[in-house]
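Bear in mind these aren't lab numbers, they're just calculated from the coordinates by the rules spelled out. Predicted model, so just to flag it, every value in this text is computed and none were measured. Note that we place each Cβ from the backbone using ideal geometry, even for glycine, and neighbour counts take in every protein chain shown.
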Amino acid sequence: MEKDILGEVIVVEKEIQERLELEKVKSREWLENVKKESEEELAREEKNIKESLNKAVESAKTDAEVKAEEIVKHADAKAVSLAQLNDETLGLIVGKQLARILPG
């Protein structure tokens, strides 16, 4: 009778060990799947971020080019305007500016 009980305990213990091993395998597989899915999601997010960054850089570049063109156009117009001033007008302008700068 004691042998039967001992035998049953050993059988049950083996079943428990087998189930534990099976659960360990399942846990490892689940962990590997979660890791793989996380890496894939991370790669997708990284790609999205890079695309957004590239779009932002291109947009900023375009804006800077437009602003630079406006500045150059304005400077050209101002240069043309100043080039058309005669010496007498330039003398008056310079005189006013000197009066503001020089004491007395």
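More than 13 Å apart: what percent of Cα pairs in the stretch 18-75 qualify? Spell out each step's value before the answer.
Values: 1225 of 1653 pairs.
Distances greater than 13 Å cover 74 percent of the Cα pairs.
For the chain, the tally of Lys pairs with Cα-Cα distances below 25 Å comes to 18, considering only residues 8 or more apart or on different chains.
Here the stretch 64-104 yields Rg over Rh of 1.22, to two decimals, using C-alpha coordinates and the Kirkwood radius. Against the chain, whose longest principal axis is taken from its Cα atoms, helix 2-83 shows a tilt of about 10°. Just checking the listed ones, Val57, Val66, Val12: in the Gaussian network model of the chain with Cα springs under 10 Å, the one fluctuating most is Val12. Pick from Ile49, Ile71, Ile16: which residue has the top mean-square fluctuation in a GNM of the chain where Cα pairs under 10 Å get a spring? Of Ile49, Ile71, Ile16, the Gaussian network model singles out Ile16 as fluctuating most.
Per the Debye calculation on the chain with a single equal scatterer at every Cα and no solvent contribution, log₁₀ I(q)/I(0) for q = 0.10 Å⁻¹ amounts to -0.72. Note on Asp63 and Arg100: with the Förster distance fixed at 35 Å, the Cβ-Cβ geometry gives a FRET efficiency of about 0.45. Computed from Cα atoms, the angle from the helix 87-101 axis to the main principal axis of the chain rounds to 60 degrees. With a Förster radius of 41 Å applied to the C-beta separation of Glu40 and Arg19, the computed FRET efficiency comes to 0.85.
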